[in-house]
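One structure below.
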Amino acid sequence: MAPDSPTSPAAVVPSPAHDLIDAYQRHINYIRVSITDRCNLACSYCMPRDRVPKLHHRDILRYEEILRVLAVGARMGIKKVRVTGGEPLVRKGVIDFLGKVVAVSNVAEVALTTNAVLLKPNVERLARIGIRRINVSLDSLDRQTFKFITGSDLLPAVWEGILQAHQVGFAPIKLNMVAMKGVNDNEIEAFGRLTYSYPFHVRFIEVMPIGKRRTDAHALLLTPEIRRQLERRLGPLLPVPARAGDGPARRYRLKGAVGEIGFISAISRHFCADCNRLRLTASGQLRPCLLSDHQVDLKGPMRAGCSDDDIRAIILQTVRDKQSAHRLGRGLGPDICGQMSAIGG
Ligand code: SAM
Ligand code: SF4
């Protein structure tokens, strides 16, 4: 059992400052915040062929508003914040904002999810403000395939950014690879081999049916198949013991590797029983679950002058609203209407 799983003793005995326990005894201590729905790439599993209408600037939460929500949440027991998007590094002032997130009392860890297109020029400043953990989307090590998936020929910039972050001491660097049949499944072995040379955590992700996108159900590649391919070519995957804060990925290592391999299997093996998170969308909606369109508005009340106690009540209500498990089965199932870029992956 993972040390922070909902049924472990540490999880069911709340600390006095901890209000955030849901109806299924899950301890909610993590929030993901999408700070923009804009992106400098257009990945096939995240964006449709036609442009999705972007939020008007006035409809995007201001940094001060996000910081206010985080300060209230941190007093209730939120310990970890991940800043994501869209592409967070395209939003003006993001590094100063991240510095302020790091300074929010009671927040022990601030992490960033990025496509790394703008990582190299920002990496030193990120390190200086105290960010050490980044997740990078990297779906192909082949320039043509990368361009096919993302719409841009930017693999060299992305790879340089990743190497620069490694040199500066970011660890662990998690590389998220959305595996798609007939698109990049011929690179599963190459991604596995990366872990022999670099201490990166390569995580294979199943495509989720979220928003309008170009990738359809035919591309869905489930974890058991990815795992079979890896083991057939590179040998057995040795389990790495779970640690508190591991999140949904199951962790493994190849013999002799310095890095790790993980699987995020929202479809084939959902991890709802261990879910510890909320999401704040770019437009200021609080979501109890990525894979449900239920959300509660925070922006409206904040702009109408609500108190911190009102924000606290909305956070509590959203935690109470968390469903026990998402309803996606095998296949891409019923779609989630919101765009991943606005919800925050
Ligand atoms: N732009 C940043 C990036 O790509 O890392 C942050 C935002 S992106 C929405 C966050 C993560 O969501 C990425 O790792 C991406 O691979 C993942 N993602 C987006 N759409 C997805 C989908 N339909 N299924 C599974 N993962 C998805
Ligand atoms: Fe942009 Fe990230 Fe979505 Fe790709 S996955 S289009 S990089 S937000």
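The values are calculated or read from the model by the stated rules, or taken from the named source; none is laboratory data. What you are looking at is a predicted structure, and each value in this text was computed from that prediction instead of being measured. FYI the Cβ positions are ideal-geometry reconstructions off the backbone, even for glycines, and counts take in every protein chain you see.
Among the residues of the stretch 92-144, write down those that are within 24 Å of Ala219 (Cα to Cα) and more than 14 Å from ligand 2 (Cβ to nearest atom).
Let us first name the residues in the stretch 92-144 that are within 24 Å of Ala219 (Cα to Cα), namely 113-115, 135-144.
Correct list: Leu141, Asp142, Arg143, Gln144.
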- [ ] Pick out the one residue from Asp50, Asp19, Asp37 that is more than 16 Å from ligand 2 (Cβ to nearest atom) and part of a loop (DSSP other than H, G, I, E, B).
- [x] Asp19
Open item on the list: Conditions first: (1) surrounded by fewer than 21 Cβ atoms within 10 Å (Cβ to Cβ); (2) within 30 Å of Leu230 (Cα to Cα); (3) out of contact with any Asp or Glu (no Cβ under 7 Å at 6 or more places or on another chain). Ala266 passes all but one, so which condition is the exception?
Closed with: (3)
TODO: Determine the pairs where a residue that is on the phi > 0 side of the Ramachandran plot and surrounded by fewer than 23 Cβ atoms within 10 Å (Cβ to Cβ), located within the stretch 156-182, has a partner that is in a helix (DSSP H, G or I) and modelled with pLDDT of 95 or more with Cβ atoms under 8 Å apart, the partner being 6 or more residues away or on another chain.
DONE: Gly169/Ala127
Task: Restricting the stretch 198-228 to residues that are at pLDDT 85 or above and either basic (Lys, Arg) or surrounded by fewer than 18 Cβ atoms within 10 Å (Cβ to Cβ) (or both), the residue that is farthest from ligand 2 (Cβ to nearest atom) - done: Arg228
Open item on the list: Condition (residue is of a type in the set (Gly, Ala, Ser), closer than 15 Å to Gly338 by Cβ and within 16 Å of ligand 1 (Cβ to nearest atom)) applied to the stretch 289-298: is it met by at least one residue?
Closed with: yes
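Residue by residue, here is whether (1) at pLDDT 95 or above; (2) among the small types (Gly, Ala, Ser) holds:
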position	(1), (2)
Ile261	yes, no
Ala266	no, yes
Arg269	no, no
Asp274	no, no
Arg277	no, no
Leu286	yes, no
Gly300	yes, yes
Asp309	yes, no
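Listed here are the residues, each with its yes/no results for (1) buried (at least 19 other Cβ atoms within 10 Å of the Cβ); (2) in contact (Cβ under 8 Å) with a residue 24 or more places away in the chain; (3) among the polar types (S, T, N, Q).
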residue	(1), (2), (3)
Val69	yes, yes, no
Gly77	yes, yes, no
Gly85	yes, yes, no
Val90	no, yes, no
Gly99	no, yes, no
Val102	no, yes, no
Ser105	no, yes, yes
